[in-house]
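Worksheet: the structure to be examined is printed underneath.
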Amino acid sequence: MPAEPPYSGLTPDTVLDALASAGFAGDGRLLGLNSYENRVYQVWLEAEKTPNSPDSVVAKFYRPARWTDAQILEEHAFTLELVEREIPVVAPLEAKGETLHRFCGFRFAVFPRRGGRTPELEDRKTLEWIGRFIGRTHAAGATRAFADRPTLGIESFGREPRDWLLAHDFIPKDLLDAWKSAVDLALAGVAHSYERAGEVRALRLHGDCHAGNVLWTDEGPHFVDFDDCRNGPAIQDLWMLLSGDRASMTRQLADVLSGYEDFHEFDPRELHLLEALRTLRLIHYSAWIARRWDDPAFPAAFPWFNTQRYWQDRILEMKEQIALMDEAPLAVT
């Protein structure tokens with residue numbers, strides 16, 4: 001008998017009752033926000049029953065069994081530490097002395113609602129501004145490592161996802177040998193990139209620092225969704241801000257680092273890891289969708305996944321990454 005989908009019991013009434021149990025009285029209105037890994041809702045509050053509160057909050061219900069309580073609380077502690085340093089991140093609200101709450105088998109946190117727009121990453125000043133805040137975040141992240149949250153590396157983001165996909169028969173049989181060969185060669189390229197970089201320092205990272213997790217206002221950026229925070233090299237929080245050809249990426253990285261290095265030193269050896277980390281993310285991404293395929297939200301959101309064309313494209317993608325990892329790294333002076 002197949003297991004029930006992870007959020008089958010999370011009805012609108014359950015969401016509102018969960019918020020009420022933490023002291024946030026909803027007025028009955030809620031809006032599902034764009035999130036696949038977790039379930040996230042904007043919930044409007046009843047002013048009379050929730051005095052001195054905003055008109056709405058954001059409630060995040062964590063995917064069951066993904067993180068331990070200790071790992072979630074470590075995420076919360078990191079964001080609260082950044083807020084104390086006046087770094088613009090969205091940290092959970094404390095209610096009844098806790099930031100992590102439980103209701104009907106679900107774990108959830110409540111966050112202030114923060115608006116914003118996607119940053120204009122083609123603007124040099126915008127990149128420099130974002131770089132300053134990432135530099136400040138990394139200066140804090142370098143003071144100690146996460147004790148409970150994982151470390152980004154070739155095993156957790158490369159070999160293990162590859163092995164999981166092979167064990168669960170997601171790759172079409174006629175493409176299996178070509179896919180495995182391409183991924184194995186790509187992982188060898190990743191290992192070689194790490195060898196060229198040498199010993200690089202791991203620090204506490206945002207972990208998923210792309211434009212969608214940076215909200216822009218007239219006052220500048222603020223960072224959301226630390227759900228993937230982990231230990232890793234600083235370049236992991238920088239490379240996803242870059243796009244275009246090699247010259248464009250070099251220019252963008254220089255702009256980011258011009259702000260970043262006002263607050264934290266960047267080790268240029270980490271540039272050897274840029275394409276290696278992209279490769280790991282691509283492998284991990286396929287396994288992430290595959291692991292969630294029993295969640296009805298995933299087939300609906302990713303209808304192109306697990307088709308013949310999808311896996312053909314992944315083989316070509318790995319071949320492109322192999323070539324990119326063989327090139328000299330970006331050079332920023």
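Total residues in segment 56-94 satisfying the condition of being assigned to a loop (DSSP other than H, G, I, E, B), under 17 Å from the mean Cα position of the chain (by Cα) and within 24 Å of Ala25 (Cα to Cα): the figure is 5. If the condition is being without any contact (Cβ under 8 Å) to a residue 40 or more places away in the chain and charged (D, E, K, R), then segment 280-326 contributes Arg309, Asp313, Glu317, Glu320. Whether a residue is among the basic types (Lys, Arg), touching a residue at least 12 places away in the same chain (Cβ under 8 Å) and assigned to a loop (DSSP other than H, G, I, E, B) was assessed, and Arg196 does not pass this test. Criterion applied to Arg144, Arg107, Arg149, Arg113 was being within 17 Å of the chain's Cα centre (by Cα) and basic (Lys, Arg), and the one residue passing it is Arg149. Restricting the first member to segment 68-83 and to residues that are touching a residue at least 24 places away in the same chain (Cβ under 8 Å), and the second to residues that are surrounded by 18 or more Cβ atoms within 10 Å (Cβ to Cβ) and among the β-branched types (Val, Ile, Thr), the beta-carbon pairs closer than 7 Å and six or more apart or on different chains are His76/Thr99; Thr79/Val89; Leu82/Val89; Leu82/Thr137. Among the residues here, Trp164 qualifies as modelled with pLDDT of 95 or more and hydrophobic (A, V, I, L, M, F, W, C).
Counting the residues of segment 1-46 that are free of Cβ contacts under 8 Å to residues at least 24 places away in the same chain, surrounded by fewer than 19 Cβ atoms within 10 Å (Cβ to Cβ) and either assigned to a helix (DSSP H, G or I) or in contact with a Lys or Arg (Cβ under 9 Å, 6 or more places away or on another chain) (or both) gives 6.
When each of Arg314, Arg309 is tested for being surrounded by 12 or more Cβ atoms within 10 Å (Cβ to Cβ) and either in contact with a helix residue (DSSP H, G or I) (Cβ under 6 Å, 6 or more places away or on another chain) or among the charged types (D, E, K, R) (or both), the lone residue that passes is Arg314.
The values are calculated or read from the model by the stated rules, or taken from the named source; none is laboratory data. Computed from a predicted structure; not experimentally measured. Don't worry about glycine lacking a Cβ; one is built from the backbone with ideal geometry, like all the others, and counts go over all protein chains shown.
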